[in-house]
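Here the structure comes first, spelled out in structure tokens, and everything after it is commentary.
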Amino acid sequence: MMPTSPEADVAALSDTFFEKLTDPGRSEIAADHIAIVIAHPDDETIGCGALLGRLKGVSVVLVTDGAPRNLHDAQAHGFSTAADYAARRLAELRLALGIAGLPDNALIALDIPDQEAALNLVVLTERIAQVCEMRGIRVLLTHAYEGGHPDHDAAAFAAHAAARLLAAQQKILVVEMPFYRQDRAATVYQQFGEGVSVQVAIPLDDDERGRKRRMGAAHTTQQSVLDVFPMDVERFRPAPPYDFTELPNGGLLHYEMHDWGMTGERWRELAAMALTELGLAGRV
């Protein structure tokens, strides 16, 4: 038998994954080889809460602790320290994952401070690569690179970079989920950008919507955030080969409208430095 190319291996992974994903019978999916890489507690519910219930054996990699160190969010929710707020958000996430039927050992928390993931791109990439090696991960679901939140883009960077680091020994498919991005006039929620030719939109049935809403309700500190996201469809696509030194979404960056510690210029510097340190410059 002739050996296949890396591109063919990933294409076969993609065909198999999306065939199972779109099964109208909503059958269970053996997912020991699948990991979800999310930036914050509650991103699992927003991006793939309904799907999670079908992924048996899936791993969930949580990048940040959900507690910005400026304490604005913590104090708004009645917490005096970032540590207390982070503990609450972790407990909410564990409750949501339990509603989806995931055991405690499915979760791997990397504990980067919220809003600081982009400052830790190399560490994040290396730790996600380690998870992929230890758990035999072949499919990574993560955030689209869309300029919504810098932690989201950092999670996307790390997932793509980890897949590239391991490419010689372990072919990994990266699948992405849309969260939010900036349009000229408004914020767009859970819609991929223009020019997308291959994507899957899965309308949720009554049971799936109910489970997704219960998962959302578990995140009691985040109700005002979750209220803006639709709960009736989940979208996925094979991630394109991004150049993370170029700004996403045509340079329209939602995070520049907020005090989240990041600008587009700073992002490009951090991404370029991380790619060089990882030996991936020009490859991711």
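Things to note:
- Each label was represented as a point 7 Å from its Cα along the Cα-to-Cβ direction; for residue 20 and residue 185 these points are 4.2 nm apart.
- Mean separation of Cα contacts under 8 Å, 6 or more apart, over the residue count of the chain: relative contact order %: 21
- Each residue in 124, 141, 275, 166 was given a count of other beta-carbon atoms within 10 angstrom of its own, and listing them fewest first yields 166, 275, 124, 141.
- When both bridge partners sit in the chain, DSSP labels roughly 35% of those beta bridges antiparallel.
- Annotation: aspartates and glutamates with alpha-carbon distance below 15 angstrom to residue 20 (same-chain offsets under eight excluded): 28, 32, 234.
- Other-chain or far-sequence residues with amide H under 5 Å of residue 183's (modelled H): 188
- Residues in region 144-156 carry Karplus couplings, in order, of 5, 8, 9, x, x, 10, x, 5, 4, 5, 5, 4, 4 Hz; the curve used is 6.51 cos²θ - 1.76 cosθ + 1.60 with θ = phi - 60°, and Gly or Pro positions show x.
- Working from label points 7 Å from Cα in the Cα-to-Cβ sense, the residue 257 to residue 72 distance is 1.4 nm.
- Under 12 Å, Cβ to Cβ, from residue 127 - net charge with Lys/Arg +1 and Asp/Glu -1: -3
- Residue-by-residue Karplus 3J(HN,Hα) for region 111-127, coefficients 6.51, -1.76, 1.60, Hz, glycine and proline x: 6, 6, x, 3, 6, 10, 4, 5, 7, 10, 5, 5, 4, 4, 4, 5, 6
- Cut-off under 5 Å, modelled amide H: who pairs with residue 61 long-range: 36, 37, 38, 108
- Sorted ascending by nearby beta carbons within 10 Å, beginning with the fewest, 175, 10, 225, 198 become 198, 225, 10, 175.
Every read-out reported here was derived from the displayed coordinates using simple, explicitly stated rules and does not represent laboratory data. Every value quoted in this text rests on a predicted model; they were computed, and no experiment measured them. No Cβ is skipped: glycine too gets one built from the backbone with ideal geometry, and neighbour counts run over all protein chains shown.
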